[in-house]
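See below for the structure under consideration.
Throughout, read-outs are computed from the coordinates displayed, never taken from laboratory work. Everything quoted here is computed from the prediction, not taken from an experiment. Methodologically, a virtual Cβ is constructed for each residue, glycine included, from the backbone with ideal geometry; neighbour enumeration extends over all protein chains shown.
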Amino acid sequence: MTNRAAQAQTLLDLHTDPDLLKVVNVWDAISARVVSEVEGVKALATASHSIAAAYGYEDGENIPVELMIEACGGIVAATELPVTADLEGGYGNPGETARMAMGVGIVGANLEDQLKPIHEAASAVEAVLKAGQDEGINFVLNARTDAFVKAGDKPHADVLADAIERGRVYLATGAPLVFVPGPVSEDDIKAFVDAWGPQKLTLIGAPGSVPLARMAELGVARVSYGPFAQSVALMALQDLTADVIAGGGLPSNFRMLN
């Protein structure tokens, strides 16, 4: 088994383990190395929003796909841990984009459905999984539905039903996981796990989210933090700047990390 194939299997095993996989997203080589060095970290995930922002682009597939893949490669090179990438909606060619990502060592990915017609979204899932088969790895696809983040003023029951149905289709197509970002309640989590089974659902941690221990009890596979991790880092930088301007300096708990 190649190292890449072994890392893909490790990443899949981390999701099927009943222990909640906790992933803090990274956006470049130094953030990848710093996060990797924290005891207990088992895998890394990129954040497309954060990578785009680091290069001066707006989120939403505005960054050239080659530049996004290059950033992913730099993250892979900075760690021994398996890395899953946020590939947004696939940049117009989900299968080829996934193949490019695998070429730099990525072994899993998020893929947004962007609320496209369900047959189109399922075809994209299928294309990514086939790319993994062609590359000889069990690529860990985290099929994302935007049902919650793009709910608008739809009745909650309709939004939940749509997310469940989309998740069922993606799982039936072969995706091992379904990602539901957005304001998800404990009752929503129970509905997803009832519909799909345990260790199939992944969520994003945000202010007011269901506590991590409760997510684990309910059968959530993974929680990640998307662009929030970069915001925390930038808040610290902005706070330091304000302290320096005010006549202060480095915080008392300062330590060199690079």
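Please give the helix 3-16 orientation as an angle from the longest Cα principal axis of the chain, in degrees from 0 to 90, rounded to the nearest 10.
The helix 3-16 is inclined about 80 degrees to the chain.
Over the stretch 33-145, with a single point scatterer placed on each C-alpha, what log10 of the ratio I(q)/I(0) does the Debye formula yield at q = 0.10, 0.21 1/Å?
-0.27, -1.14
For the chain, set up a GNM with springs between Cα atoms under 10 Å and report which of 51, 245, 30 has the largest fluctuation.
Highest fluctuation of the listed residues: 245.
First select every other residue whose beta carbon is under 10 angstrom from the beta carbon of residue 124; then total the charges, Lys and Arg +1, Asp and Glu -1.
Values: positive: 116; negative: 112, 113, 120, 126.
So the environment of residue 124 carries a net charge of -3.
I'm checking a number: the convex hull volume of the Cα atoms of the stretch 3-227, normalised per residue, in Å³. What is it?
Per residue, the Cα convex hull of the stretch 3-227 comes to 112 Å³.
Which residue, 171, 240, 203, tops the fluctuation ranking in a GNM of the chain built on C-alpha contacts under 10 Å?
Comparing 171, 240, 203 in a Gaussian network model of the chain, the most mobile one is 240.
Comparing 138, 62, 110, which has the greatest mean-square fluctuation in the GNM of the chain with Cα pairs linked when under 10 Å apart?
So, out of 138, 62, 110, the one fluctuating most is 62.
For the stretch 103-187, compute Rg over Rh where Rg is the Cα radius of gyration and Rh is the Kirkwood radius from the inverse mean 1/r over Cα pairs.
On the way: Rg = 13.5 Å, Rh = 13.3 Å.
Rg/Rh for the stretch 103-187 comes to 1.01.
Equivalent ellipsoid semi-axes for the stretch 185-231, as square roots of 5 times the alpha carbon gyration tensor eigenvalues: give them largest first, rounded to whole Å.
Working: eigenvalues 79, 22, 15 Å².
They are 20, 11, 9 Å, listed from largest to smallest.
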